[in-house]
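What follows is a set of notes on a single structure, which appears directly below.
Any read-out appearing in this document is the output of simple, stated calculations on the displayed coordinates, not a laboratory observation. Since the model is a prediction, treat every value here as computed from it, not as a measurement. Cβ sites come from the backbone with ideal geometry, for glycine too, and all protein chains shown count toward neighbours.
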Amino acid sequence: MSTPEHVVIIGSGPAGHTAAVYTARANLKPVMFEGQAAGGIPGGQLMTTTEVENYPGFPQGIQGPELMQAFRKQSLRFGTRIITDDVVKADVKNRPFTVSSAEQTLKAHALIIATGAAAKRLNLPGEQRLWTKGMSACAVCDGALPVFRNKALVVIGGGDSACEESGFLTKFASKVYLIHRRDQLRASKIMQERVFKNPKIEVIWNAVVSDVLGNDVVSGVRLKDVKTNQERDLACGGVFYAIGFTPNTALFAGQLAMDEHGYLLTTPGSTETSIPGVFACGDVQDKRYRQAVTAAGSGCMAALDCERWLIDQGVES
């Protein structure tokens, strides 16, 4: 087998590409597996986002796919080798590490994992047609967009995230309906109290959304009462999922330390995982912020951590 690469990056969202730019400029000659289908599509969650208004440097906003294409071009400019394959196997218990796609296998002195997380969806009949047309899985990302302002909005969920996002949306919405399948929320007491005290939030109990309605844009949802099975339509101008995320960490099950939800654990204040030489950045290890800008920042951290670790190991750039 050929000489090990200095660093292999798995993932091609803001975290992965930022790590690529920094490691490439450090002359580490990074190789990136940008993926093809696993965990979504190359470019991460922003590839399924329309207008991005909160990424610094774009005062007029920018389309998600356009932003990720700019990230990719910058990585290539500095010499990142990009492989459009899914990684199907990774061995991080033995050094040098081994990363394999269906087409090829590479050895690497260091590994940066930036595989992200996928928002859980309900796969409603109208979901594919209306996703990004009044449907989102991130209120903080999209809630302030003009399309949602001064409209009745629906949030689906019952945990802390659902409560937090409902409260956030009241800054822009005329009303927020929080739809929950049970008769009590799973959220912490303080989050529940904030919801109940907010006059713009109405909780609809014992209900599930069976479909999202609208032709070119969301116009409502169909609710099903879980006790009576009766259905009714509720008019709204937007739907936000707050039912959780699934980190794309299956490759590393049984190899790297994870929390109970499958997020990679990193040493506080760094991007180091439980195995020296393996670093994690972006949403694969961040279940709190989940923003493009924080993912990019952690990609920078991972690159710097990686560079210093390689120096300590005597691996010359």
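Worth pointing out:
- Segment 204-274 and segment 84-155: distance between their alpha carbon centers, rounded to Å: 13 Å
- Peptides 10-18, 178-186, ordered by how many other C-beta atoms sit within 10 Å of their residues on average, highest first, read 10-18, 178-186.
- A straight Cα-to-Cα reach below 14 Å connects Lys89 with the aspartates and glutamates Glu103, residues fewer than 8 places away in its own chain not being considered.
- Tensor-based shape of segment 121-241 (alpha-carbon gyration tensor, a/c under 1.5 rounded, otherwise prolate or oblate): oblate
- Taking the chain, the Cys residues with no second Cys beta-carbon under 4.7 angstrom are Cys163, Cys236, Cys281, Cys300, Cys306.
- Sparsely packed GluC sites (Glu not before Pro) within segment 1-91, loop by DSSP, other Cβ within 10 Å at most 15: Glu53
- Net length gained if the chain between Asp211 and Gln313 were fully extended (0.36 nm per residue, minus Cα distance): 31.2 nm
- Remark: C-alpha extents of the chain on the principal axes read 64, 39, 34 Å, sorted largest to smallest.
- Förster radius 41 Å - calculated FRET efficiency between Asn27 and Gln128 (Cβ-Cβ, nearest 0.05): 0.40
- Hits among lysines - C-alpha to C-alpha of Lys189 under 18 Å, sequence gap 8 or more where chains match: Lys197
- Reach of Lys133 by Cα under 12 Å, taken over aspartates and glutamates that are not fewer than 8 positions away in the same chain: Glu51, Asp142, Asp216
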